[in-house]
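What follows is a short report on a single structure.
Please treat every number below as a calculation from the coordinates, not as lab data. Everything quoted here is computed from the prediction, not taken from an experiment. All Cβ positions, glycine included, derive from the backbone under ideal geometry; neighbour counts span all protein chains shown.
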Amino acid sequence: MLLLRRLLCLPLIASAAFLDNATVTIASDVDDILRVTEVWNLRRAIRNVFTDPFEPLLGMPELYRDYAQVKGTQFAYITDALTTWGESYISGIPHYPNGSVEVRELRLAQLKSFLSFRQNSIQKLIDQDTNQKFILVGDFATPGLSDAYARLALKNPRQVQCLFMFDIRATNPADLFVPATKLLSNKKLSNRWTVFETAADFHQESLAYLRRLNETTDENFGCEMLLYRQKAFLDLLHNKHINGFGAMTKTIMNMFVTQMQCLMLSPWRPSPQCRYDRREGTWYPRHKKFESNGRLQDWKSLPDTVINGTRYDRMCHYDGRFYVVNGTCPDLSTNGTQKT
């Protein structure tokens with residue numbers, strides 16, 4: 001099989017069955033969970049997937065490596081990406097612990113199974129060992145993912161214990177997607193999902209939860225100590241739940257409005273008023289502002305600026321270019337002058 005041949009070529013990735021002594025399976029999405037894809041921006045998503053090197057999401061490799069240290073934990077990486085996208089799409093997964101990999105094959109003759117690939121793949125994993133406990137990791141920016149996870153949790157209440165949902169909007173203002181949460185509002189799922197905003201913020205709590213989940217025999221354990229994280233997320237939604245169709249409709253409207261705004265701002269881009277320009281590390285010359293941790297900061301307050309986990313203490317500016325350093329600004333001019 002084409003898919004099997006591709007997977008066998010990947011270092012550190014096992015395409016074999018699960019471990020005999022595993023008790024908890026972490027089934028994880030890939031886009032904007034394991035790798036930076038930016039699915040809300042088509043141009044950047046294409047570049048991130050097909051041309052740029054695999055960039056792990058900040059803090060996620062460390063989080064998953066610590067999960068792997070918990071005895072009885074195994075991993076499955078499941079994505080709606082196509083096998084035709086090539087090995088480069090998942091070439092960076094060796095940043096993460098060994099696990100099985102599931103990638104879609106394009107078979108239009110089997111359109112229904114193609115469209116529900118993720119849900120079907122996870123269901124097959126559950127059916128392999130009905131005594132396994134599952135954690136499903138995903139985000140609200142991937143269309144249909146939260147609904148697929150909710151349906152799996154409703155169908156398999158004994159196996160699917162907790163959905164870890166990444167709310168990208170909390171730290172990335174460019175995310176235009178409206179979360180679909182209608183199925184999550186089902187009372188049967190009230191203790192089966194939680195939300196996190198950054199890997200660093202979620203690290204220790206989720207690790208402690210995983211240890212407890214491995215040890216418990218309670219089939220209704222759910223998300224337990226992580227449930228309180230729902231409240232802040234629901235407050236942002238004003239406790240209004242939208243189904244998948246409604247969320248997609250609002251998302252398309254957001255994208256249209258944003259596109260119009262960005263077109264009008266073209267002479268002044270990059271601009272923080274254009275959500276497509278909002279990205280970590282972006283310098284907005286007209287506004288004299290810098291994007292850091294999802295916020296606009298004055299460059300003069302740079303000691304409070306962190307980019308990709310690194311804190312910088314000085315901003316340098318030369319010949320219309322902006323960059324950050326630790327220490328002294330290097331002299332990039334030919335005559336020995338520079339601007340800081």
ask   = Across 5 Å bins from 0, what is the distribution of all Cα-Cα pair distances for the stretch 174-244, in whole percents?
value = 3, 14, 22, 23, 18, 14, 5, 1, 0
query = So which trypsin sites (Lys or Arg not before Pro) in the stretch 213-255 pass both tests, a DSSP loop state and at most 13 other Cβ atoms within 10 Å of the Cβ?
reply = 240
query = Tell me, 70, 325 in order of fewest to most beta-carbon neighbours within 10 Å?
reply = 325, 70
message = Report, to one decimal in Å, the Kirkwood hydrodynamic radius for the stretch 139-259 based on all distinct Cα pairs.
response = 15.1 Å
message = Test of understanding: ordering 218, 80, 66, 31 by Cβ neighbours within 10 Å, fewest first, what list do you get?
response = 218, 66, 80, 31
note = 1/(1 + (r/R0)^6) with r = Cβ-Cβ of residue 288 and residue 215, R0 = 41 Å, i.e. FRET efficiency to nearest 0.05, evaluates to 0.15
